[in-house]
Structures are given as structure tokens and as C-alpha cells.
Amino acid sequence: MGLKIGPSDVLSNNFDLWIVSHGGVASNALCDYLEEKGIKTRPENYGLICHKSHPGTSVDIPILVVYGDYEKSIRSMDRRGFLSANATKMRFGMNLPEIKLERLIHNYPADPLGIKFFLDSFAYAKNENLDNIQFLEYPYREKTLEGVLRDLGLNVDVSSFNLRERKKKWLPISSPVEKIIDIYRNYEFQK
């Protein structure tokens, strides 16, 4: 079986909570923690849907959207080699890491990674009452996380969950990544 590039559907009967992010905001660490607590967050196709935009129709599952800290999250994704792949998942619902950042900048100059498109899709779905959606801005505190999970119908003790501190030293970045960071530097998501 070859590599699945998507698109992929969100099948609510496969998990308890859909955690999505634009990447680089510790959503995987949160998924791991909640899985240990017995909350299913990683369906078989998680790799295809963890950065997928809301489809515009109800997926009938609580949704937690983790976002924020754009400059550092972009640097983190770039350092780990996920920037292009995450961008194509957000924008197209497909894993297409071969699409170059320069092409995304050229075709989508105001939102090359699709972060605004991604977040707006969930804000729209929440405003239309399509699903129970909560937003969690990174970095966040334990009490904030606990409250958001409670609003999603999940009572979870998060007292032992710790966000890892970000790396203090950053590697040099390419010109396209610098340009992308400049585009998102002052972006403020309006829920």
C-alpha cells in the first residue's frame, strides 16, 4: 500500500475528540496525553486530518482547535521539515509536501500556509453551530485547557500535563520562511 495523500474524511465513530492545529503548537503532545487518559484522539487517518480545515458540514464530534504563537510554530514546523506538508493539509486536505513554499507564497500571498483559511473554517462552523468547537490559544495554562475540555463535554484531570518549553536557539531560516513569518507576524485570529 502506498502513501496516502488524502483527502480524508473525519469519521466520528473512530474517536472521541478531534484535535486540530496549524502545527507547531504541541497538539501531538496533547493527543498523547489524552490518549493516556482514555480519550481517543488518534483515528487511523489522524496524520491526514490533524491539520485539515473544517469540511463545512457537521462531523458530529467535539473539536479542539489549537492555534497561535505563529512565528515560533512556523520555525518549529520548518525545523522538523513539516511546513509544506502541514500547509497543504490545511489548504487542500491532502499531504503534498512536494509543493514548494515559493509556490504557496505566489498563489496565496496573504495566507501562504492556509492558517487563516484553516482557522476561519472552524470559526464559521462554530458560528453556524455545526459542531461543538472550542479554541485554545498556545501557549496556554492548565486551567484554560481544563475549562476548554469541560466545554467540550470532557472532564479530564490535566494537572500532570506539561507543555515542553520551546527551543531557545533557532536555526537560520530560508528567505521563503522569513517571508512567511512576516506575513503571519501580526495576525490576530478573531474567533
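What the table shows:
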read-out	value
Dimensions (Å) - the range 91-191, Cα atoms, principal axes, largest first	44, 39, 26
Residue range of the chain that is longest and free of GluC sites (Glu not before Pro) which are both DSSP loop and sparsely packed (at most 16 other C-beta within 10 Å)	45-97
Viscosity 1.002 mPa s, 20 °C: Kirkwood-radius Stokes-Einstein D of the chain over Cα pairs, µm²/s	126
Residue-averaged [θ]222 nm for the chain, counting only DSSP H segments that reach four residues, each worth -39500 (n - 2.57)	-11500 deg cm²/dmol
Formal net charge of residues neighbouring residue 116 (Cβ-Cβ distance under 12 Å; K, R +1; D, E -1)	-2
Amide H contacts under 5 Å for residue 19, placed H, 5+ residues apart	64
For residue 51, net neighbour charge (Lys/Arg +1, Asp/Glu -1) across residues whose Cβ lies under 12 Å away	+3
Net charge of neighbours whose Cβ lies under 13 Å from the Cβ of residue 60, counting Lys and Arg as +1 and Asp and Glu as -1	-3
Among the listed pairs 100/126; 169/191; 126/179; 72/191; 52/72, those beyond 28 Å (Cα-Cα)	100/126; 169/191; 126/179
Extension gain (nm, one decimal) between residue 185 and residue 129, 0.36 nm per residue minus Cα-Cα	17.2 nm
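Each reported figure results from applying straightforward, stated rules to the coordinates on display, with no laboratory input. These figures come from a predicted structure and were not determined experimentally. Every residue, glycine as well, gets a Cβ built from its backbone with ideal geometry; the counts of neighbours run over all protein chains shown.
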